[in-house]
Protein chains: 2
Amino acid sequence: MRHDPAVPLRGMRIIEISSYVATPLSGMTLAQLGADVIRIEPLGGAPDRTRRPLADSGTSLYWSGLNKGKRAIEVDLRSAQGRRLVADLIVGGGRRGGIVISNSERQPDLTYEALRARRPDLIHVLLTGRRDGGTAVDYTVQAATGFPLVTGPEEAARPVNHLLPAWDVAAGLYLATGLLAAERHRLLTGEGQQVRVALEDVALATAGNLGYLAEAQLSSAPRERIGNYVHGTFGRDFTTADGERLMVVTLTPRHWRELLAATGLTDAVSALASALGADFMAESERYRHRKVLGELVAGWFQTRTFAQAEAALRTTRVLWSKYRSFTDLAADGARLLRENPLMAQVRQPGVGRYWAPGSPVVMAGEQSLPTASPRVGEHTDDVLRAELGLSTSDLANLRKTGVIQYPTPTTPTSPTTPTSGNEVGNHVTTR
Amino acid sequence: MRHDPAVPLRGMRIIEISSYVATPLSGMTLAQLGADVIRIEPLGGAPDRTRRPLADSGTSLYWSGLNKGKRAIEVDLRSAQGRRLVADLIVGGGRRGGIVISNSERQPDLTYEALRARRPDLIHVLLTGRRDGGTAVDYTVQAATGFPLVTGPEEAARPVNHLLPAWDVAAGLYLATGLLAAERHRLLTGEGQQVRVALEDVALATAGNLGYLAEAQLSSAPRERIGNYVHGTFGRDFTTADGERLMVVTLTPRHWRELLAATGLTDAVSALASALGADFMAESERYRHRKVLGELVAGWFQTRTFAQAEAALRTTRVLWSKYRSFTDLAADGARLLRENPLMAQVRQPGVGRYWAPGSPVVMAGEQSLPTASPRVGEHTDDVLRAELGLSTSDLANLRKTGVIQYPTPTTPTSPTTPTSGNEVGNHVTTR
């Protein structure tokens, strides 16, 4: 076993029985750190295999994004024999195996209890919707936990959901953290355990960690909806004369002074401070008077082009960014993506070539580059042979009884070799 | 050293030099799994010590939420002697020490290179705004990476930012994951390393992982803003006759059939399917016709009270939740929080008692309960004595030269013992 600091989980083997966002993201995050992640799918693929957005061929871009660098096998999970194969995989894998991530407790032979009876040092990582095992998805958890009622334009009459499934993303990363903590414990003591995360708990914990729940318990004034203003300081979006939009944030007194200097508003704001008896060096005062200050600054942006505004802000330490759409990020042959070392070009069967992200975690100066996601059942034979020692005739028998399927024909865009604009063919590279 | 599976990181010592959300969350997540996290603060506390929301006393509820269960020391970081103390702490801590998390590279003697020269197996975990070290905060990263332009009401003319700092939260959890992966590598090989995460990379990686960037590169139609409809399937918010709001999601054909049965719309929708030549068992068809289907279902909710709607939905497996505000979550003496085993009551100096979340990661059936956050410099003497072996006269000398301060007087609400409605005084309990 080579021990490369950039892929510290090399040698760890994880079986993933999952769908949608959180559990697949947790498996992919660990795969990007070097783990061998084998995804188990029912015959024909899991339901999220067809989830939008889709490529013209019908291949899911969403699925392809969340399962990069995994292996995939396709097994009839309704048959006891199929579940036995999966259980054999879960409890196998040697000292660094015996790890499963799942978002389902429903498979009869694949429960924590059943598997632990076969391998006492099993690490079983389970996502549920609610802590009691009840179902929930990101959208319903959003509704239940407060954020949509304070997100969105001040004048909005309805709740505003996030498009971003933030709770799924956070839950996937909590699962990865919990798995690594449990595996560390097993390395040191030999003991396995179950790790559980409920999607709703992730949202409630975050609402508590950020102070929203404390505020609701202790303050008589409910949290207001304040649109794109930043709570507690001075920040908001602005529009330039040529219709571009920017987000501008000042956190420190220095940011604030520099914003005023760049926009020529120092004297006007100073006069306003005197008139109002306010000290705008304090962020709480900038927040209290955010509307009048906002209108002053907005007036400056409205009479400048984006180029002019950019030139003025560039000389400051003020935090700002232009608003960019996904289309902007992909414009001009994906220039912005190509220039970012996070991205590499992937050739995805059923899709073609596009720029996809590697791991946002850079280890020892290196990061995992993206590789293609597997086709349904792409590694069924490889995995059953290499990991369970099945023979050609064993596989033929499993096919005969329908426990596994015949391989799907290769699509025209099939080569799954990762490619990159920056001359790399390997899993990891220094950028 | 006791090895408890519920706090697998017990014995690990982490020094945290940080502010705002991502890095503090990463430290707290690891503290909740058992690590000893010592937060370093400049004299008077870090700038985020006063960040809103605030308690009436001015104590930050936000800070209190993100630093639970840590120890805190207060040192003059502008003095070389102060930085030397911090460096001594970072490189100390024995075999399980030598770990630092930070969001700043600016302190001259506290860079990765300077610290690694003193302890070659150092693990240095660094958050930056951009990968090149440039600054960015959640709000500017939101603007830069596409989501605000497709979030919010269909008719919104402006970008809609998330109130939730989702990128900070995700980055904090990526940092925790990277730290554990690096520490595992060190356990197995003795080698340390640097782990870096850029806030902007986290957002771009997520936009890529979820398929948005692939879609923008491969599809001619840009992603539309669709309000609270769920992309790709049938889900949206509804209002009842008595003005309550619900989020309802159907992912599977079974969900859809049960929603129609519960709302008495089976025949109407079947007639509509025939008229439109649509097959609503396919989620893509439900998505395509979401508006007309949405209006039919909305009509049902508009003529039912919330109690009637709830009674009808309760018999189904349809995914749904009432929209709740933070105020709703705290209503009735925080009933909803009290009933959730995630929460326990904390007595926070400068704030008082309130219900706060423990760890959303349940390890071996147990979870960390919340404990109070430290006051500025609360553990300065303890840490410098126990970890660096300083004597009473050493501490007096440091006070004389202003490298550390005299302890702040204890506030009236000072006892920091965690309490819980469920009879626990310990760090961890089984619920």
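Here, each number is a calculation from the coordinates, and none is a lab measurement. As the structure is a prediction and not an experimental result, all values here were calculated from the model. Don't worry about glycine lacking a Cβ; one is built from the backbone with ideal geometry, like all the others, and counts go over all protein chains shown.
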Please state the relative contact order of chain B as a whole percent: Cα pairs under 8 Å, 6+ residues apart?
18
In order over the stretch A:60-74: 3J(HN,Hα) from phi, Karplus 6.51/-1.76/1.60, θ = phi - 60°, whole Hz, x for each Gly or Pro, gives 6, 6, 5, 4, 4, x, 9, 10, 4, x, 9, 9, 9, 10, 10
Scalar couplings 3J(HN,Hα) for the stretch A:214-223 by Karplus 6.51 cos²θ - 1.76 cosθ + 1.60 (θ = phi - 60°), nearest whole Hz, x for Gly and Pro, are 4, 4, 5, 7, 9, 9, 7, 8, x, 4
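Among A:H3, B:H255, B:H231, which comes first, then next, by fewest other beta-carbon atoms within 10 Å?
Working: A:H3 14, B:H255 22, B:H231 18.
Result, fewest neighbours first: A:H3, B:H231, B:H255.
Out of all DSSP beta bridges in chain A, what portion is antiparallel? Express it as a percent rounded to 5. Before the final figure, lay out each step's value.
Values: 21 of 43 bridges.
Close to 50 percent.
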Would you mind giving the mean number of other chain beta-carbons within 10 Å of the Cβ of each residue in B:183-194, as a whole number?
5
Could you state the angle between the C-alpha long axis of helix B:253-263 and the longest principal axis of the C-alpha atoms of chain B, as a value from 0 to 90 degrees rounded to the nearest 10?
70
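Loop-only check: which GluC sites (Glu not before Pro) in the stretch A:123-199 are DSSP coil with at most 13 other Cβ within 10 angstrom? Can you show the working numbers first?
Details: sites: A:E154, A:E155, A:E183, A:E191; in loops: A:E154, A:E155, A:E191.
Answer in residue order: A:E154, A:E155.
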Backbone HN-Hα couplings from phi across the stretch A:114-130 [Karplus 6.51/-1.76/1.60, Hz, Gly and Pro as x]
4, 6, 5, 4, 8, 9, x, 8, 4, 10, 10, 10, 10, 9, 10, x, 10
Chain B: most fluctuating residue of B:R96, B:R286, B:R254 per GNM, C-alpha cutoff 10 Å:
B:R254
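Would you list B:H124, A:H379 from fewest to most Cβ contacts within 10 Å? Don't skip to the answer; put the middle values down first.
Values: B:H124 25, A:H379 19.
Final ranking by Cβ density, sparse to dense: A:H379, B:H124.
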Taking Cα atoms, the helix B:199-209 axis meets the longest principal axis of chain B at an angle in degrees (rounded to 10) of 30
Relative contact order for the stretch B:234-322 using alpha-carbon pairs under 8 Å, separation at least 6, rounded to a whole percent?
49
Taking only Cα atoms, what is the 0 to 90° angle, nearest 10, from helix A:22-32's long axis to the longest principal axis of chain A?
80
Between the stretch B:24-79 and the stretch A:1-37, what is the C-alpha centre distance in whole Å?
32
Final fewest-first order of B:S104, B:S325 on the 10 Å Cβ neighbour count is B:S104, B:S325
Within a Gaussian network of chain A (alpha carbon springs, distance under 10 Å), most fluctuating of A:L115, A:L213, A:L175:
A:L213
So who's got an amide H within less than 5 Å of the one on A:Q367, skipping anything under 5 residues away but keeping other chains? H placed 1.01 Å off N, in plane.
A:T429, A:R431
Going by Cα centres, the stretch B:144-223 and the stretch A:330-372 are how many Å apart?
13
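What is the extension gain from A:Y406 to A:R95, computed as 0.36 nm multiplied by their sequence separation minus the C-alpha to C-alpha distance, in nm to one decimal?
Values: separation 311, 0.36 × 311 = 111.96 nm, distance 3.17 nm.
Roughly 108.8 nm would be gained on extension.
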Taking placed amide H atoms and a strict 5 Å upper bound, the residues 5 or more places from B:M12 or on another chain that come that close are B:D36
Can you list the distances in nanometres, one decimal and ascending, from the B:D132 label point to the identical position in each other copy, with the point 7 Å along Cα to Cβ?
5.3
When chain A is treated as a GNM, springs tying every alpha-carbon pair under 10 Å, which of A:A46, A:A372, A:A216 comes out with the largest mean-square fluctuation?
A:A216
From the label point of A:A298, set 7 Å from Cα along Cα→Cβ, how far away are the matching label points in the other copies, in nm, ordered shortest to longest?
2.8
Considering amide H positions built from the backbone, and no H for Pro or chain starts, which residues 5 or more places from A:L319, or on another chain, come under 5 Å of its amide H?
A:V249, A:L251
Other copies of B:L272: label-to-label distances in nm, shortest first, labels 7 Å along the beta-carbon direction:
4.9
